[in-house]
Amino acid sequence: MGVDVSLERDPCVVTIAQKKADKFIPFFIQAYRKKSDKKTYECDYKHVNSYEDIENEIITQVTRYGGVSYAAIDATYNPYLAERLDKFMTVFPTKFNSTAKNGNPMKSELMHTLLAAMTGKRLEIPNHPVLIRQLMNYEFEYTDNKNIKFSSDDEDFIDSLALTIFSEMEIKEPDNFALI
């Protein structure tokens, strides 16, 4: 499971995938958002009032699908959801919008892991219109100091998908990522 955490402006997106042989197959993608006046991109989302509501929704889905081996949860700005879900499953709190200090992966590492899964045919892209639109429109640029900067809006479904595979592919199989 991968959870891109937000609540107010952007949706919180949860992706659950199964792994068959060496391939990740996402089968559940849901966005949750608090109703607000803040502008964001439009997507279908389930209305929630709090992070506790999202926690309950995740526990419901985990129970429905017979358990989840682990969850990589965005804890960049708010570790609350990761801390709460750690009581129910193995959780990898992931801070990916930070620099690589303290062992935290940078956004580029997360996106390169997703790219490696896609090009290595280890990820089946689901027929989800918002995810596909975001993948097609996702942009990056090189900064003056030669770092990669990814677009920071309209990418919550991508981040959730990337988090779904990140822990297994990057942490458990760290030698799989030579990009040619």
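Looking only at residues that are of a type in the set (D, E) and surrounded by fewer than 21 Cβ atoms within 10 Å (Cβ to Cβ) in the range 2-35, which one is nearest to N49 (Cα to Cα)?
Checking each candidate, the answer is E8.
Restricting to the range 19-34, and then to whatever is of a type in the set (A, V, I, L, M, F, W, C) and under 15 Å from the mean Cα position of the chain (by Cα), can you tell me which residue is nearest to N56 (Cα to Cα)?
That would be A31.
Does at least one position in the range 49-68 carry a residue that is in contact with a Ser or Thr (Cβ under 9 Å, 6 or more places away or on another chain), of a type outside the set (D, E, K, R) and surrounded by 12 or more Cβ atoms within 10 Å (Cβ to Cβ)?
yes
Might you let me know whether the range 26-43 holds any residue that is touching a Leu at 6+ places or on another chain (Cβ under 7 Å) and under 18 Å from M111 (Cα atoms)?
Among the residues of the range 26-43, at least one is touching a Leu at 6+ places or on another chain (Cβ under 7 Å) and under 18 Å from M111 (Cα atoms), which makes the answer yes.
Strands (runs of 3 or more DSSP E) wholly in the range 62-180 with at least 3 residues that are modelled with pLDDT of 85 or more - which ones?
70-74, 90-94
The values are calculated or read from the model by the stated rules, or taken from the named source; none is laboratory data. In this text, all values refer to a predicted model and were calculated from it rather than measured experimentally. Cβ sites come from the backbone with ideal geometry, for glycine too, and all protein chains shown count toward neighbours.
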